[in-house]
């Protein structure tokens, strides 16, 4: 009996979703060619070199509750590179730092009265017990937080953080947003002390991405860097290939893992309401300063900033859960500002951003000295997190639009889960299974 020829699938985009999807499809027996426009795979989970060491461009963590990431690490033979350790967080408000690591810290938090603390606990419990997220879709995040936690907690705690996260505007944000974050944050807490647990892969998320890339190659697939796809070629409403460097390379299916606003340019001549929805999808970007210091800046993994005079969203010191020995002995501090791309900060030069960020960091931490800095980098990304307004989940792009052999797999489809390694790899596994059903 003749064996059935192996089906060829083009995967466009080499971020974490694209590489994960290519891995799962390769493992299912398809011949996969992954096309990536840049010179490295990983996307936002990629690395940069500081001297002789690679470090994450942006901050990432693996929680003890991230069971899919841990199982995938085991599957790829890299589970021995997983590390977890307890860590802590704090709030910066009105020029002062307030620990928020233990239950005792929470009970002593001076910005809230006893009743406010009780209602904040009720807010977290309400989120944890809520199961049907669609019922939260028509409620604004402000309405829901005030309903459970009260106006004072909203004013002192939630409002400044929401303004910082959403570049000043969160009026039409659904309550689903805070529900998903409270659920994930709670999953970092363990034991009577309720200390946070955070983890990482030695080498960063790219350790997993590179392990998947090796598995793709071993299965007969390819990863082509510096190879932007110009067009997904469609004939008689069916994908027949992808155009690269002016030449059509045949394939029997194509999976686009790019962000929705970037997809229509690959489909010239294809029209329809679903294409217009892709073009108009709103996104948050980020401007992020990375400092590699010769000593720790604080005692905390994450400092949430409720002081609206500070331009960056938070202070994330990843080397409170990453062993500095695994990143060249540096202490890594990330200072992100989430922006819409119309924000003035998105257009300022690297030197202007770095000057402003260091000025505020010095004000927050008077003991800090610029001489501690061994490397400083400013990173920008226009497409980081899709924005969801109330009811917008109904416009999520379909996995299989009305073109035979075309599939879309992107961050909007993980909603209401958060954009992290756990949700992205889990979604890629699910999408690979659905694609197999369509192609069977």
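The values are calculated or read from the model by the stated rules, or taken from the named source; none is laboratory data. All values derive from a computational prediction rather than experimental measurement. Heads up, the Cβs are rebuilt from the backbone with ideal geometry, glycines too, and the neighbour counts pull from every protein chain shown.
General remarks:
- Sole residue being surrounded by 16 or more Cβ atoms within 10 Å (Cβ to Cβ), on the phi < 0 side of the Ramachandran plot and assigned by TED's automatic domain parsing to the domain that holds residue 178, chosen from 145, 82, 129: 145
- Flag if residue 115 is surrounded by fewer than 17 Cβ atoms within 10 Å (Cβ to Cβ), in contact with a helix residue (DSSP H, G or I) (Cβ under 9 Å, 6 or more places away or on another chain) and over 22 Å from residue 282 (Cβ atoms): yes
- Among the criteria (1) crowded, with 18+ Cβ neighbours inside 10 Å; (2) in contact with a strand residue (DSSP E or B) (Cβ under 8 Å, 6 or more places away or on another chain), the one residue 346 does not fulfil is (1).
- Qualifying residues in segment 214-229 (those that are surrounded by fewer than 16 Cβ atoms within 10 Å (Cβ to Cβ) and assigned to a loop (DSSP other than H, G, I, E, B)) - the one farthest from the chain's Cα centre (by Cα): 220
- The numbered conditions (1) part of a helix (DSSP H, G or I); (2) more than 24 Å from residue 109 (Cβ to Cβ) are all true for residue 329 except (1).
- Verdict on residue 287 being at pLDDT 95 or above and closer than 23 Å to residue 380 by Cα: yes
- Within segment 46-85, tally of residues that are in a helix (DSSP H, G or I), under 24 Å from residue 36 (Cβ atoms) and over 17 Å from the mean Cα position of the chain (by Cα): 4
- Selection status of residue 198, in contact with a strand residue (DSSP E or B) (Cβ under 9 Å, 6 or more places away or on another chain), modelled with pLDDT under 95, not in a helix (DSSP H, G or I) and not assigned by TED's automatic domain parsing to the domain that holds residue 304: yes
- Restricting segment 259-281 to residues that are part of a loop (DSSP other than H, G, I, E, B) and out of contact with any strand residue (DSSP E or B) (no Cβ under 7 Å at 6 or more places or on another chain), the residue that is surrounded by the most Cβ atoms within 10 Å (Cβ to Cβ): 272
- Scope segment 129-159; condition farther than 21 Å from residue 415 by Cβ and either in contact (Cβ under 8 Å) with a residue 40 or more places away in the chain or within 24 Å of the chain's Cα centre (by Cα) (or both); matching residues: 152, 153, 156, 157, 159
- Among the residues of segment 86-104, just one is assigned to a helix (DSSP H, G or I) and either free of Cβ contacts under 8 Å to residues at least 12 places away in the same chain or farther than 24 Å from residue 179 by Cβ (or both), namely 104.
One line per residue, one yes/no per condition, for (1) at pLDDT below 95; (2) touching a strand residue (DSSP E or B) at 6+ places or on another chain (Cβ under 8 Å); (3) farther than 18 Å from residue 198 by Cβ; (4) not assigned by TED's automatic domain parsing to the domain that holds residue 26:
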position	(1), (2), (3), (4)
75	no, no, yes, yes
87	yes, yes, no, yes
92	yes, yes, yes, yes
111	yes, yes, yes, yes
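- Meets criteria (touching a strand residue (DSSP E or B) at 6+ places or on another chain (Cβ under 9 Å), assigned to a strand (DSSP E or B) and surrounded by fewer than 23 Cβ atoms within 10 Å (Cβ to Cβ)) for residue 285: yes
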